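First comes the structure, then the notes that go with it.
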Amino acid sequence: MKLLKGYIFAILSAVIYGLMPLMAKYIYADGVNAMTLVFLRNFLALPVLAVLAFCQQRTLKVPVKSLGGTAFLAAFGCCITPVLTFSAYRYIPSGTVTTIHFVYPAVVVLLGILFLKKKAQLGTVLSLILCVGGICLFYKPGANFHWGGAGMALLSGVTFAIYVLMLPVLRHKEVSGFLFTFYVALSSAVMMAITCLVSGQLALPQSITGWGLCTLFALGVTCGAVMLFQQGTFLIGPEKASILSTFEPITSVVVGVAFMGEIIGFRDYVGIALVLAASVLIAIFDMKKTA
């Protein structure tokens, strides 16, 4: 049951993340830039997260010693990574950004082996090969390409891999669930507010509709996707969670077809099949180990 919950949380998180490019497109049209969107997605979610955390834990207090690790995770997972990703959307198609960003499952496995002395399990390696192959098939040859945008997308994959790998290491056991997500969002909001003000990049929505979209974006991503991914990582580990998160580009493909008039071809179908096969393979190997 624990593993099943972890699978479901990781996949649901990926689906929500897969909707981000579509929502960001409309938010940008209302005058918001990438840095401000990252600030708002954390700041606007704070009241809801505070209520949820208090209802779950009956307190908002956390050990002082946990704040350093929380700030580190917030910086890499909820500040640097989304700023790079959202900025890359302005230079290259969102599908290409997602494809390049998803170098991170491979980086997670590689860094785990190199620095945390983790063993490369057969099931994880095979799943990784399948999911990387599937993601590569989502790239469309001839699509608009910008080296700066590609560099930002690639770097976002590396910074997110660091976040994923360190998530179960730096989170204190006393700080869990919505309380942990609240402090990550709070740290991120403070860091991004300072960054926006110092750099002169604060660009708030220009309409009520824009504020509504930003609020929906904040609740969906910070209260939904981030929380689900964190819990999924705690339950099944960073390597498996990162591989299962490849459902994000599948969602992007579906959204593109349903709402943006895009047409998927044979490469897309094969890519989806490989990603799904990678996810099934993870489940099979885990069930064999627990049987």
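The values are calculated or read from the model by the stated rules, or taken from the named source; none is laboratory data. For clarity, every value in this text was computed on a predicted model and none was experimentally measured. Backbone-built Cβ (ideal geometry, glycine too); neighbour counts: all protein chains shown. For the accessible areas, the whole protein counts, side chains as well, though only heavy atoms, and no ligand, DNA or RNA atoms are used. Shrake-Rupley method; radii C 1.70, N 1.55, O 1.52, S 1.80 Å.
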Quiz item: Inside segment 83-126, can you point out the residues that are closer than 24 Å to residue 202 by Cα and at pLDDT 80 or above?
Solution: 83, 84, 85, 86, 87, 88, 91
Practice problem: Could you tell me which residue of segment 23-40 is nearest to residue 225 (Cα to Cα), considering only residues that are among the small types (Gly, Ala, Ser) and within 18 Å of the chain's Cα centre (by Cα)? | Solution: 24
Practice problem: Check segment 268-282 and report whether any residue there is modelled with pLDDT of 75 or more, among the acidic types (Asp, Glu) and either open to solvent by less than 30 Å² (accessible area, probe 1.4 Å) or out of contact with any Phe, Trp or Tyr (no Cβ under 6 Å at 6 or more places or on another chain) (or both). | Solution: no
Quiz item: For segment 207-223, does any single residue satisfy the condition of being open to solvent by less than 10 Å² (accessible area, probe 1.4 Å) and within 12 Å of the chain's Cα centre (by Cα)?
Solution: yes
Practice problem: Could you check residue 72 against (1) surrounded by fewer than 18 Cβ atoms within 10 Å (Cβ to Cβ); (2) more than 18 Å from the chain's Cα centre (by Cα) and say which number it fails? | Solution: (2)
Quiz item: Do we have residue 135 as out of contact with any Leu (no Cβ under 8 Å at 6 or more places or on another chain) and either surrounded by fewer than 17 Cβ atoms within 10 Å (Cβ to Cβ) or not in a helix (DSSP H, G or I) (or both) here?
Solution: no
Quiz prompt | Long-range neighbours under 6 Å by Cβ, at least six apart or interchain, first residue in contact (Cβ under 8 Å) with a residue 24 or more places away in the chain within segment 198-209, second open to solvent by 80 Å² or more (accessible area, probe 1.4 Å) | solution = 205/211
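Right, residue 157: surrounded by fewer than 16 Cβ atoms within 10 Å (Cβ to Cβ) and modelled with pLDDT of 75 or more or not? It would help to see each step written out before you state the result.
Details: surrounded by fewer than 16 Cβ atoms within 10 Å (Cβ to Cβ): no; modelled with pLDDT of 75 or more: yes.
Considered against the rule, which asks whether it is surrounded by fewer than 16 Cβ atoms within 10 Å (Cβ to Cβ) and modelled with pLDDT of 75 or more, residue 157 comes out as no.
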Practice problem: Name the one entry in 43, 54 that is modelled with pLDDT of 90 or more, over 12 Å from the mean Cα position of the chain (by Cα) and within 25 Å of residue 208 (Cα to Cα). | Solution: 43
Quiz item: In segment 96-105, is there at least one residue being aliphatic (A, V, I, L, M), open to solvent by less than 20 Å² (accessible area, probe 1.4 Å) and over 20 Å from the mean Cα position of the chain (by Cα)?
Solution: no
Practice problem: Considering every residue within segment 226-237, establish whether at least one is free of Cβ contacts under 8 Å to residues at least 24 places away in the same chain, open to solvent by 30 Å² or more (accessible area, probe 1.4 Å) and either in a loop (DSSP other than H, G, I, E, B) or closer than 23 Å to residue 63 by Cβ (or both). | Solution: no
Quiz item: Looking at 59, 70, 81, 85, which is the one that is in a loop (DSSP other than H, G, I, E, B), out of contact with any strand residue (DSSP E or B) (no Cβ under 8 Å at 6 or more places or on another chain) and not basic (Lys, Arg)?
Solution: 59
Quiz item: For residue 112, all conditions in the list (1) over 18 Å from the mean Cα position of the chain (by Cα); (2) open to solvent by 10 Å² or more (accessible area, probe 1.4 Å); (3) farther than 21 Å from residue 24 by Cβ; (4) not aliphatic (A, V, I, L, M) hold save one; what is the number of the exception?
Solution: (2)
Practice problem: Select from segment 49-68 the residues that are surrounded by 10 or more Cβ atoms within 10 Å (Cβ to Cβ) and of a type in the set (S, T, N, Q) and list them in ascending order. | Solution: 56, 57, 66
Quiz item: Restricting the search to segment 9-54, which residues are farther than 30 Å from residue 200 by Cα and free of Cβ contacts under 8 Å to residues at least 24 places away in the same chain?
Solution: 51, 54
